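Below is one structure, written out as structure tokens; comments come after it.
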Amino acid sequence: MPNRRRVFSLPLGDREAVLVRSRLRPGRYELRVDGVPQSIVSTKDPTTLAYGYVRHIARAIDAAAPAGSRLFTVHLGAGALTLARYVEATRTDSRQLVVESEPALYAAVLAALPLPAQADVRAVFGDARDVADSAEPSDWTDAQFTVVDLWDAAVIRHRVASREFYARVAARSVPGGVVAVNLLDGHPFDYSRRQAATLRSLFAHVAVVLDFDPDDEAGPLGNVLVFASDRPLRVAEDPTLLGAPAPHLFAGDELTAWIGSARIMTDADGTDSPDPDDPRWG
């Protein structure tokens, strides 16, 4: 890894997580699981976000409540806590909850890259679907903003992408709460269309955001974001909030046309996200 220094290598069963430090960008770290980039963190400035899709989620967080005000944010999937660090930097003293399936990885990340001492970030360890399904009392209630970023290395499993799962997420949100789902897909977007249809069966307002050309039939897989709420989404009403360069955004009638005849995804007929190792994605 030229221009990088390994901070830790952590076995996770039959997988491996690696945190590396950039030699060219002081304070910048990248977390990889099985060689797949998961998170990039800047300890010098947590508001510096490397990935476009992460910046879009951050802009949606910015729009979810007045600047600087507290915002109870739930992160399903921790990674290197990039967005938790962003919320702490921009909305100090906000309460945050992380649901993470790998306690050893979470502990290793925090040992290498500690959160600010005053950060109010609590972790619940376990499978996100199991935590969502649990009837036991939990701090995961009345979430104002929920980030669903549940990757098994490079794949999203269908049990955390079904209508039944999203119904649990909706039930744990406040009225008007926003849910942001990070997906992986490419043309013709069969998976993302089903996900959008699924979320729209539960939420009155849904928008899809992506940074690459949705009409490029030869294009690679990329991140696709779905925002959902039972109240109008500010990023759909004013797409300039997402910053420049402007991403592609589908909402309202345009989203209806984009979804087309895509079926709602349930536990019974759900599919995992496209596998980037599939040869058809190049």
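The values are calculated or read from the model by the stated rules, or taken from the named source; none is laboratory data. All figures in this text were calculated on a predicted structure; none of them were measured in a lab. Cβ atoms come from the backbone with ideal geometry, glycine included; neighbour counts cover every protein chain shown. Surface accessibility is based on the protein's heavy atoms, side chains included, excluding ligands, DNA and RNA. Shrake-Rupley method; radii C 1.70, N 1.55, O 1.52, S 1.80 Å.
Calculated FRET efficiency, Thr43 to Thr271, Cβ-Cβ distance, R0 = 30 Å: about 0.20 to the nearest 0.05. Only alpha carbons enter this Debye calculation for region 115-155, each as an equal point scatterer, and the log10 of I(q)/I(0) it gives at q = 0.16, 0.19, 0.29 Å⁻¹ is -0.58, -0.79, -1.22. Computed over the chain, relative contact order equals 15 percent, with contacts defined as Cα pairs under 8 Å that lie 6+ residues apart. Count Lys and Arg as plus one, Asp and Glu as minus one, and take only other residues whose Cβ is under 13 Å from that of His56; the net charge is then 0.
A quarter of the convex hull surface defined by the alpha-carbon atoms of region 91-192 gives 8.0 nm² as the mean projection. Accessible surface calculations at 1.4 Å, restricted to protein heavy atoms, place region 99-177 at 44 Å² per residue. Counting only Cα atoms, the size of the chain along its three principal axes is 47, 43, 39 Å, in decreasing order.
Entry comment: accessible area of region 1-43 is 58 Å² per residue, from protein heavy atoms only and a probe of 1.4 Å. In this label model, Ser69 and Asp238 are separated by 1.4 nm, measuring between points 7 Å along each Cα→Cβ vector. Amide H to amide H distances under 5 Å link Glu16 with Asp34, where only residues 5 or more positions off or on other chains count and H is placed in the peptide plane.
Only four residue types carry charge here, +1 at the Cβ of Lys and Arg and -1 at the Cβ of Asp and Glu. Report the dipole size of the chain about the Cα centre in Debye, rounded to the nearest 20. My answer is approximately 1040 debye. Across region 198-282, the convex hull enclosing all Cα atoms gives 115 Å³ per residue. Electrostatic tally near Thr47: other residues with Cβ closer than 12 Å to its Cβ, Lys and Arg +1, Asp and Glu -1, net +2.
Taking every DSSP bridge with both residues inside region 1-157, close to 60 percent are antiparallel.
Taking every Cα-Cα distance in region 124-269 and sorting them into 10 Å bins from zero, the calculated P(r) comes out as 11, 42, 36, 10, 1 percent. Over region 56-125, the reciprocal of the mean inverse Cα-Cα separation, the Kirkwood hydrodynamic radius, stands at 12.3 Å.
With the contact rule set at Cα under 8 Å and sequence spacing of 6 or more, what percent relative contact order holds for region 187-257? The normalised contact order for region 187-257 reaches 36 percent. Only beta bridges with both residues in the chain are counted; by DSSP, about 65 percent of them are antiparallel.
Each 5 Å bin from 0 upward holds the following percent of the Cα-Cα pairs of region 1-139: 2, 9, 19, 22, 21, 15, 8, 3, 1, 0. Only Cα pairs under 8 Å and 6+ residues apart enter the sum, and on that basis the relative contact order of region 104-242 stands at 22 percent.
Quantify, in whole percent, the carbon and sulfur part of the accessible surface of the chain (1.4 Å probe; protein heavy atoms only).
Roughly 49 percent, rounded to a whole number.
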